[in-house]
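The values are calculated or read from the model by the stated rules, or taken from the named source; none is laboratory data. Every value quoted in this text rests on a predicted model; they were computed, and no experiment measured them. Here the Cβ positions follow ideal geometry from the backbone for every residue, glycine too, while neighbour counts run over all protein chains shown. Heads up: the accessible areas ignore ligands, DNA and RNA and are worked out on the full protein's heavy atoms, side chains in. Shrake-Rupley method; radii C 1.70, N 1.55, O 1.52, S 1.80 Å.
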Amino acid sequence: MSQIQKGILAPVPKQACYLSFAIAPEMNPAGSLRNLCRLADGHKTVVGLGLSLVRALGREVQGLKVFPCYTEAGFDVPSTPGALWCWLRGDDRGELVHRARAIVQSVAPALQLEQTIDGFRYKSGYDLSGYEDGTENPKGAAAVKAAVSAGQGPGLDGGSFVAVQQWIHHLDTFDAMTAHKRDHTIGRRKRDNKELSNAPACAHVKRTAQESFNPAAFILRRSMPWAEAQQAGLVFVAFGNSFDPFDALLRRMVGAEDGIVDALFSFTRPLSGSYYWCPPMKRGRLDLRAVGL
Ligand code: HEM
């Protein structure tokens, strides 16, 4: 029986490292992926395959596509496709460094490291804006339903689709707002995380209210903060049984539906945006039969 990569459903870890790779010219990545299968257990290391990698293997995965890009008044939502994405989860930063090195070596030379981002948990799972993140995530069976593919056949069932965006926060701008404005930007009261019924339509949780979409747009968010030197933000990570819910949420956030832009854009911007397919597991290893391996 196919199984989801366990790290997707597990709570966010204390420490993380995100690796993204590109395919080197004239290289066949099949051997790299076979090597990766020996290291990636789906729990401590979650793996996602990008469209270019799947196509380099001569395959298609139904539903896997390229991240959309948007340009609106004053901001861009970029699309920065990648071939392979690994989310290393743990609680010892040193162990993550060594695991990352082993993975990078195992997939070379066909897959070359493009970017590394170190992530961490803030308090019990907060964004660096100081607001709790993940409150309205589906739980239990609802989380599985939202995040895991079913009814697609062997090699696909148990898989998941993940949207990944690195956001950079302008924390000075956010700090300069009044507490009232900050609460109305998110749509929740920081003090007790209570949802504010009188928040404006542009408030983030008003824009993204999952049940207000038709069909409902449930996703499983597993985002974590990042910080480097004086820059900081969020690695937004959302799993779904397809990209449709995320697409609908993002469209509404950028104002493509009704011209109302999510107030989040008043203090944070996405630097990247990629879609990956996370294969299921079989007998403790990545099940790559959908891509012919
Ligand atoms: C810097 C980027 C982002 C930050 C700081 C952020 C932060 C938050 C916070 C604090 C909440 C309220 C608590 C919760 O339910 O988790 C929330 C809710 C939510 N966010 Fe975001 N978010 C970001 C980007 C996004 C993006 C890109 C999407 C999807 C396209 C998204 C989708 C959602 C959804 C679906 C909810 C729950 C809404 C509900 O049903 O009540 N967020 N976010």
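Table for the structure above
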{"item": "Matching entry among Ala232, Ala238, Ala227 (being part of a strand (DSSP E or B), near the ligand (Cβ under 8 Å from one of its atoms) and of a type in the set (Gly, Ala, Ser))", "result": "Ala238"}
{"item": "Which listed residue, of Ala176, Ala201, Ala248, is without any contact (Cβ under 8 Å) to a residue 24 or more places away in the chain and out of contact with any strand residue (DSSP E or B) (no Cβ under 8 Å at 6 or more places or on another chain)", "result": "Ala176"}
{"item": "Any hit, the stretch 93-109, residues being more than 16 Å from Cys278 (Cβ to Cβ), of a type in the set (Lys, Arg), in contact (Cβ under 8 Å) with a residue 60 or more places away in the chain and open to solvent by less than 80 Å² (accessible area, probe 1.4 Å)", "result": "yes"}
{"item": "Selection count, the stretch 206-215, where residues are open to solvent by 30 Å² or more (accessible area, probe 1.4 Å), near the ligand (Cβ under 9 Å from one of its atoms) and either out of contact with any Pro (no Cβ under 8 Å at 6 or more places or on another chain) or at pLDDT below 95 (or both)", "result": "3"}
{"item": "The stretch 241-269, residues that are assigned to a strand (DSSP E or B) and open to solvent by less than 10 Å² (accessible area, probe 1.4 Å)", "result": "Thr268"}
{"item": "Every residue from the stretch 57-91 that is farther than 27 Å from Met27 by Cα and open to solvent by 80 Å² or more (accessible area, probe 1.4 Å)", "result": "Cys69, Thr71, Ala73, Asp76, Asp91"}
